[in-house]
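S.K.: Have a look at the structure that comes next, please.
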Amino acid sequence: MTVLCSTHTDAKDFINDERLAGWLACARPDKQRVRELLAKSLAKEPLEPEETAALLAASDPDSTEAIFETARRLKREVYGNRIVLFAPLYIGSECVNDCRYCAFRRSNPAAVRRTLTQDEIREQLRALENKGHKRLILVFGEHPRYGPDFIAECVRTVYDFKVGHGEIRRVNINAAPMDHDGYRLVKAAGIGTYQIFQETYHHETYANIHPRGTRKADYLWRLHGVGRAMEAGCDDVGIGALFGLYDWRFEVLGLVSHARYLEESYGVGPHTISFPRLRSACGVETDWPHLVSNDDFKRLIAILRLSVPYTGLILTARERPELRREVMAFGVSQIDAGSRIELGGYTEAGDAQVMEREQFSLGDIRSLDEVLRELLQDGYLPSFCTACYRLGRTGEHFMEFAIPGFIQRYCTPNALATLTEYLVDYASPETRQLGLKAVERELAKQPDSSQKQELRGRLKRIQETDARDLYF
C-alpha cells in the first residue's frame, strides 16, 4: 500500500504487519518442505519471506539440526573461513530523538553529551591505527550538528590521517537517514556502506518507542532511507533490527522483506545485515517483554544466513566472547574487535566501560589482538581487506562476482595480504606465530597458478619491505 506523510509524498510501505504475522501463525512445515527450502538455500537462491517463516516454524529436533548444519555449509561455500574485522568510532552523542531503548535519547540526564572535534578524531585514529585497524564505522546521533557536511568532513579526516604503516582504508557510516543531496555529499567523501537500522519493523511497536514529534518517529522516512542512498549513488547499504523490541521472528521476516524489496527495486540487496540484541544502558528501562534468548538468537542467525545467502552478517561486540565464537560457524561474516563505544574511548577510557558515555553496554571488550588470535586458533582467516570497494566491485558489480563464486579469487589472497600486514606490524609474538603458520596453510590450499606465485611475492615484500596495501 502507499502511505502519505509530511516528509515524503509517495512512499510505499512494503512491510505489511498482518501478512507477516499471518505467515508466522499459519506456517506448519513438514520435514520434506524444510528439506526443499534448505536445498534452495544451498543453491544460493534467496528465500521469500513466507519461506523464511516456514523455517522459523520448523522447531523439531531434526529440522533444527538440519537448519544449523545447512547454514554452516552455506557459510563455508560462500565466505570460506574468512572473517572481516572492523571497529566502531563514535563521533557524537547529541540527539534530538527520544528513543526509549537508547542511552543517547534527549531526555536522559545521565548521558554525557559530546561531539569529537577533528583533532580529537585524529587522536582516536592514532590509537586505532596503532592497534592495526583498517576498517571503521563512524557512528553519529541524529542532530542538526551531524549533517552531511560534518559527516563528510569526518570521513575526509579519517582517510587523511596515517601513522607509520597504519591507515584506515574503508569508512562506513551509521547515521540518520538523509535526502538525496545529503547522500551524494557523503558519497563524494568516499564512504563505503551507509547503514541504517529500522530498529523494529512492527509498526505499533515502532510508534510506541519513538515518540511523536521526533525525527525518528517517521517510520517510512527511515524505512526508505537506504533506498534513497542507493538512488543517490551509494553502492553498498546496510540494514538492521534491534532484537528485543518485538517478537524476534517478526523482525527476521522484516529484515528479509526489506532485503527482497531492495533487490527487486534496485537490482541488489543490502551489503550487510546487523542483528544486535537489546542491552542494558545508562538511564534506560530494563523491563522489555521480547528479549531474545541465546538459543533463539543462534536460530535467527542461522535462518538469516539461509534466507540471504550473499549478504554479509555482522555480529557486534554487544555479545559475549563465548557466544560470538559459537555463532561464527553458521552465519557471521563480519565482527568488530577491540571496540570501545564511549566518546573518546580509545584514548580516554581504561579497562572498564564508562556507562554514562556509552549508547549501550558491550559484552566483549577484548583487544583486537586477543580476538584475532582466537580466530586463528579456531581455523578462521581474519581479514582487513578493502580491495573490492576501491576497485569498484560493489553493489551490482559485487554480485556479478560473488554469485558465481569468483569472489574467492580475490577475497582469500587479499585476506592473506592484510593479515600478513597485521602480523608484521602489530601482532603480539604469540599471535604472529599462529598467524604466519595460518598464512602458509592457506597458501598451500591455493591452486598452482601465476596468481599464487604473485601472491607469494607480495607476501614476501610485505614481510621484508615497507610495501603495503598490495591487493588483487
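Each value in this text was obtained by applying a stated rule to the coordinates, not by laboratory testing. Quick caveat, the model's predicted, so the values are computed rather than measured. Every residue, glycine as well, gets a Cβ built from its backbone with ideal geometry; the counts of neighbours run over all protein chains shown.
S.K.: Tell me what the chain gives for mean residue ellipticity at 222 nm when only DSSP H runs of n ≥ 4 count, each as -39,500 (n - 2.57), the sum divided by the residue total, rounded to 500 deg cm²/dmol. Can you show the working numbers first?
M.R.: Working: 20 runs with 221 residues, N = 472.
After summing the helix terms and dividing by residue count, I get -14000 deg cm²/dmol.
S.K.: Compute and list, largest first, the equivalent-ellipsoid semi-axes of the stretch 101-200 from the alpha carbon gyration tensor, each √(5λ) rounded to a whole angstrom. Before the final figure, lay out each step's value.
M.R.: Details: eigenvalues 110, 64, 31 Å².
Semi-axes from the Cα gyration tensor: 23, 18, 12 Å.
S.K.: Of Ala302, Ala207, Ser93, which is farthest towards the positive pole of the chain's charge dipole, taken about the Cα centre with +1 and -1 on the beta-carbons of Lys, Arg and Asp, Glu respectively?
M.R.: Comparing the listed Cα positions along the dipole, Ala302 ranks first.
S.K.: Could you check the simple spin-label distance between Glu264 and Lys437, using points 7 Å along Cα→Cβ, in nm with one decimal?
M.R.: 5.1 nm
S.K.: Then there is this: Provide the net charge surrounding Trp248, with neighbours chosen by a C-beta distance below 14 Å and charges set as Lys +1, Arg +1, Asp -1, Glu -1.
M.R.: Values: positive: Arg249, Arg277, Lys298, Arg299; negative: Glu199, Asp247, Glu251, Asp295, Asp296.
After counting each charged neighbour, the total is -1.
S.K.: Calculate, axis by axis, the spread of Cα positions in the stretch 401-464 along the three principal axes, and write the results as whole Å, longest axis first.
M.R.: 38, 22, 17
S.K.: Once you charge only the Cβ atoms, +1 for Lys and Arg and -1 for Asp and Glu, what is the size of the charge dipole of the chain about its Cα centre, to the nearest 20 debye? List each step's numbers first, then the result.
M.R.: On the way: 63 positive and 68 negative charges, 193 e Å.
Computed about the Cα centre, the dipole is about 920 debye.
S.K.: In the chain, with Lys and Arg counted as +1 and Asp and Glu as -1 at Cβ, which of these residues, Pro148, Ala53, Ala39, has the Cα nearest the positive end of the dipole, that is, farthest along it?
M.R.: Farthest towards the positive pole: Ala39.
S.K.: A further question on this structure: Asp378 to Glu348: extension gain in nm, 0.36 nm per residue of separation minus the Cα-Cα distance?
M.R.: Details: separation 30, 0.36 × 30 = 10.80 nm, distance 3.22 nm.
Stretched fully, the Asp378-Glu348 segment lengthens by 7.6 nm.
S.K.: Also, quick follow-up: Nearest-5 percent of antiparallel DSSP beta bridges in the chain? It would help to have the intermediate numbers written out before the result.
M.R.: Numbers: 6 of 38 bridges.
Antiparallel: roughly 15 percent of the beta bridges in the chain.
S.K.: Additional query: What value does the stretch 5-105 have for Rg/Rh, both radii from Cα atoms and Rh as Kirkwood defines it?
M.R.: On the way: Rg = 19.7 Å, Rh = 17.6 Å.
That ratio equals 1.12.
S.K.: Right, next: What is the local net charge at Arg82, summed over the other residues whose Cβ is closer than 14 Å to its Cβ (Lys, Arg +1; Asp, Glu -1)? Could you put the intermediate results ahead of the total?
M.R.: On the way: positive: Lys75, Arg76, Arg135, Arg409, Arg441, Lys445; negative: Glu77, Asp378, Glu442.
For residues surrounding Arg82, the net value is +3.
S.K.: With respect to the cross-link table entries Lys31/Lys452; Lys187/Lys437; Lys134/Lys445; Lys40/Lys437, which display a Cα-Cα separation exceeding 32 Å?
M.R.: Numbers: Lys31/Lys452 44 Å; Lys187/Lys437 39 Å; Lys134/Lys445 26 Å; Lys40/Lys437 37 Å.
Result: Lys31/Lys452; Lys187/Lys437; Lys40/Lys437 exceed 32 Å.
S.K.: Related question: Rounded to a whole number, what is D in µm²/s for the chain from Stokes-Einstein with the Kirkwood radius over alpha-carbon pairs (37 °C, 0.692 mPa s)?
M.R.: 144 µm²/s
S.K.: Compute the length gained on full extension between Glu322 and Arg35: take 0.36 nm times their separation in residues and subtract their Cα-Cα distance, giving the result in nm to one decimal.
M.R.: On the way: separation 287, 0.36 × 287 = 103.32 nm, distance 3.00 nm.
Contour length minus the Cα-Cα distance gives 100.3 nm.
S.K.: Also: Once R0 is set to 22 Å, what does the formula 1/(1 + (r/R0)^6) return for the Cβ-Cβ distance between Asp466 and Ser367, expressed as a FRET efficiency to the nearest 0.05? Write down the numbers at each step before the final one.
M.R.: Numbers: r = 25 Å, r/R0 = 1.14.
For R0 = 22 Å, the calculated efficiency reads 0.30.
S.K.: Shifting gears a bit: Taking +1 at the Cβ of each Lys and Arg and -1 at the Cβ of each Asp and Glu, which of Val256, Phe14, Asn172 sits farthest along the dipole of the chain towards its positive end, judged by Cα position relative to the Cα centre?
M.R.: Asn172
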